[in-house]
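Here the structure is laid out as structure tokens; the discussion comes afterwards.
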Amino acid sequence: MLRYVAGNGFHVVGAHTDSPCLKLKPVSKVKKADYLEVGVQTYGGGLWHTWFDRDLTVAGRVMIREEKGGSVSYSHRLVRIEEPIMRVPTLAIHLDSRGVNDGFKVNTQNHLLPVLATSVKVELNKEFAENGHHAILTQIIATKLGCQPDQICDFELQACDTQPSIVAGAAKEFIFSGRLDNLCMSFCSLKALIDATSSESDLENESGVGMVALFDHEEVGSNSAQGAGSPAMLDALSRITNSFTSDSKVFTAPLPMLTKAIQRSFLVSADMAHALHPNYMDKHEENHQPKLHGGLVIKHNANQRYATNAVTSFIFREIAMKHNIPIQ
């Protein structure tokens, strides 16, 4: 970046990577009436009734112990089981006094446990070790990772739907998918950064730092070690600013230089907006009804839940206008 000097601003798009889901409990082994179930806990604010009667699997990361050359090492591996291995079944209407259609209230402790297998089938195979989780689940994960069940030390797994996302609708204008909030903005921001730097010439006249910040745990308050409320963002800005200067004083007193960079920066918090629902039009205020195909939505909140004000919204609209992007 030939025009960049330390202290110049950052052009940031911030988004989050997490979505509401069912996470496996540390001890997930549950057995009731000869059924093997998986203990889960809710993460974020989800519509939990939508998890019933779906083809579910698990995905996440697994801690693996490996022995090489007489030494032991540990690593974490990402895993996703492709085929459906469990389901949260709805109670038959015959057993619910036919009142379920008057209001479906989910007891997340008792009703939201996915069924993994029956003990009648699993008891035929006794070779798996127990570790607080059903042995058959541990075996499935080990097989996917190409390791032995006893090499799995721990894991962080969540339930997920196996149904793939699809572009659909009669005019192929909709995306039928889970987790659009906020993988959609994560994808779009990263693609924009790549497209803006596809060649060296794209950076020759760039005076600022283009940046994408993808945070975790936004759904539960952003206060984790990698959340938007953590020092991760400020630390990254400081390291980047410091790396572009040879002044040794910057490393001993970086705040003035970093403060200057922040004052010259602009951040767009990119998240999803709720379009007007044709069956629930009363849920939107008459003069503020975001429409599909209506363009990007600028969110406002009088209680400062968003960083939008007259200055930031004006800058955003001006940028959009220069690129012929509609705004609502």
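The values are calculated or read from the model by the stated rules, or taken from the named source; none is laboratory data. Please read all numbers here as calculations on a predicted model, not as lab measurements. Glycine also receives a Cβ, built like all others from the backbone with ideal geometry; neighbour counts cover every protein chain displayed. Accessible surface areas use protein heavy atoms only, side chains included; no ligands, DNA or RNA. Shrake-Rupley method; radii C 1.70, N 1.55, O 1.52, S 1.80 Å.
Here 182, 205 are screened, and the one residue that is over 28 Å from residue 19 (Cβ atoms) and either at pLDDT 90 or above or open to solvent by 40 Å² or more (accessible area, probe 1.4 Å) (or both) is 205. Scanning the stretch 153-179 for residues that are of a type in the set (Phe, Trp, Tyr) and free of Cβ contacts under 8 Å to residues at least 60 places away in the same chain, we see that the one that is most open to solvent (accessible area, probe 1.4 Å) is 176.
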